[in-house]
Amino acid sequence: MTEVSVRQTQLTINHQVDRAFTSSETGWQLVSGGITVATPSSLLLQCCAPVPLRNVALGKPSRSSSEFSSDFLPQRANDGVFTQPSNIFHSLANDTLPFLVIDLGLEYVIEAVALMPRLVTYGTRFEDIEIRTGLTYVLGPDFSTYTLLALFPGPSPNPVTWVTTNLTVPVLGRYITVRRMAAPGEPLEVSELMVYSRT
Ligand SMILES: [Ca+2]
């Protein structure tokens, strides 16, 4: 079969399909049909788009070294409420090594943490606040075997807002600890703690 007859055969086949192609002196040109154009809702984009960060600490089980009263339980630190001044975790005033632990339930690749200090007054209590994570249970208060995620020297911003750390190297963790590392004498107070992961 000569080159001319081959091209003639292709023209005939494409015409019989649905007129998807035309020929020109330079070859074949796609004019309709063929690959599907990707749209924002297409599976093609969904499969390849970055997974957004989400707060994996929200509502997870938590415990603390002490609590000021039943109104200031450790669960207040990850209940999703951070705009009400009374919605905080607050350790006992005479707790010399106050800490808070959140169990994420699973291991997560942690990329960032954000902490909202107590909303009103006592900003100087927010001093040397250390956040760490580890994979195995530790009773506390010594969590030095865990990986350090953030250290906020304080005092809390005025007006109070989130203090955050974006990790340049993500850390695998399950147990999240918050400790006040400054000299004893003040309680640990946390309005909300968020732990961000894509997993
Ligand atoms: Ca809260």
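Okay, here's what the table says:
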quantity	calculated
Burial order of peptide ranges 127-139, 98-110, 185-197 (average beta-carbon count within 10 Å, highest first)	185-197, 98-110, 127-139
Check: the stretch 54-197 dipole with +1 on Lys, Arg Cβ and -1 on Asp, Glu Cβ, in debye	180
Highest-first arrangement of 61-74, 142-155, where packing means the average Cβ count within 10 Å	61-74, 142-155
Residues with amide H under 5 Å from that of L149, placed H, sequence gap 5 or more	I131, R132, T133
25 °C / 0.890 mPa s Stokes-Einstein diffusion coefficient of the stretch 54-197, Kirkwood radius on C-alpha pairs, µm²/s	167
J(HN,Hα) series, the stretch 129-140, from Karplus relation 6.51 cos²θ - 1.76 cosθ + 1.60, nearest Hz, glycine and proline x	8, 10, 10, 10, 9, x, 9, 10, 5, 10, 5, x
Rg(Cα)/(2.2 N^0.38 Å) for the stretch 66-134, N = residue count	1.16
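Computed from the coordinates by the stated procedures, all read-outs in this text should not be read as laboratory data. Since we're looking at a predicted model, the values are computed, not measured. All Cβ positions, even for glycine, are placed from backbone atoms using ideal geometry, and neighbour counts span all protein chains on display.
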